[in-house]
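Student: To start, I am sharing the structure in question, which I have written as structure tokens.
The values are calculated or read from the model by the stated rules, or taken from the named source; none is laboratory data. Predicted model, so just to flag it, every value in this text is computed and none were measured. All Cβ positions, glycine included, derive from the backbone under ideal geometry; neighbour counts span all protein chains shown.
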Amino acid sequence: MFFSDKEIPVTTKNAVISAVNTGRTPCSILLSGGSEALREKCALDLASQVLCTSVENGKGEPCGKCSACLRVKAGVHPDVYRIIPEDGKKLLSVKTVRESCLSRLSVSPTEGKNKVFIFPYCDNLQGVVQNALLKSVEEPPQDTMFIFCADARESLLTTVISRLTEYPLGDVLSSSGRRNDEKTDETARQIARALASGNEFEIMLASAPMHKNRKMMSAVAERLIIIIRDAMAEGSGVESLSGCSMEAYSLARSYKISSLLKIKEIMDKIVSEAKSNANENLLITRFSADTAAILAERSS
């Protein structure tokens, strides 16, 4: 049934059902949180609502029984497009977006009254791709719906988020979100160990998972700040906040407080600039250069 899953917050269910029953289903939507499978199902539910042959004047829930509803559910409706990376590629390219989405905006629907473009994997959606979509998301054609799916809204640029109606589907750390959190923790630990070793190549290697992932970059930097705080407090009897006592101890043995403060300042800048949509590769390059300077100070 339409948006009937138990995991969906009641406030979200009420908001969606109110919108569809009054004929005010948004044209540009963000489904955030919950599991990947739940986001996919809810995206198809919304696609069914605008394609169902039993819904008149855009008002009402989809019947779930007509040919259109059944084909949307089966993933074979010709007016529903899943925009995903090309075979063998991890990231969605501007070329794919232009060919699979933007070029079709001015074309009439194949069968129904509407076209639906679903972006199921937005957690690593590059800024250049989001900017290419910005104007279309802000002013979509009357027969077009955009649905973006992400673990958390922070995966998208603030300029894009401001043009979307968000429907939270639950805990942002559900399923893949929890795996991302674990990866963030492990990446922060690895960078801390690499910093303690004083090996520039190891630092670059430990930083690799953050490439082209602004959300993770900011999260890792915030985690490192807590580890550095513990390193500066090492031996004072203050309780550890990071839970990374070995990494904090190694940093404390390897650096003076003044150097740890400099590393913290680097992390603070990354957090600030990542949240301001700075280029990911530029941030990584700057991080490597700034930490290299601190390593040089330590060895001099």
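Student: Considering only the range 135-168, state which residues are part of a helix (DSSP H, G or I) and either among the acidic types (D, E) or free of Cβ contacts under 8 Å to residues at least 12 places away in the same chain (or both).
Tutor: Selection gives K135, E138, E154.
Student: Something else: Do you know which of the residues in the range 94-120 that are closer than 21 Å to E56 by Cα and in contact (Cβ under 8 Å) with a residue 40 or more places away in the chain is surrounded by the most Cβ atoms within 10 Å (Cβ to Cβ)?
Tutor: Checked the range 94-120; the qualifying residue surrounded by the most Cβ atoms within 10 Å (Cβ to Cβ) is V116.
Residue by residue, here is whether (1) modelled with pLDDT of 90 or more; (2) of a type in the set (A, V, I, L, M) holds:
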site: K65; (1), (2): yes, no
site: R71; (1), (2): yes, no
site: V80; (1), (2): yes, yes
site: I84; (1), (2): yes, yes
site: K90; (1), (2): no, no
site: R98; (1), (2): yes, no
site: L105; (1), (2): yes, yes
site: K113; (1), (2): yes, no
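Student: Give the residue, chosen from L91, L51, L70, that is in the same structural domain as I29 (by TED's automatic domain parsing), exposed (fewer than 15 other Cβ atoms within 10 Å of the Cβ) and in contact (Cβ under 8 Å) with a residue 60 or more places away in the chain.
Tutor: Just one listed residue meets the conditions, L91.
Student: Then there's this: Among the residues of the range 281-292, is there at least one that is crowded, with 16+ Cβ neighbours inside 10 Å, at pLDDT 80 or above and closer than 28 Å to L92 by Cα?
Tutor: Within the range 281-292, one or more residues are crowded, with 16+ Cβ neighbours inside 10 Å, at pLDDT 80 or above and closer than 28 Å to L92 by Cα.
Student: Within the range 24-134, which helices (runs of 4 or more DSSP H) (wholly inside it) include 3 or more residues that are in contact with a Lys or Arg (Cβ under 8 Å, 6 or more places away or on another chain)?
Tutor: 36-51
Student: Could you run through the range 163-180 and say how many residues are at pLDDT 90 or above and either hydrophobic (A, V, I, L, M, F, W, C) or more than 14 Å from the chain's Cα centre (by Cα) (or both)?
Tutor: Result for the range 163-180: 5.
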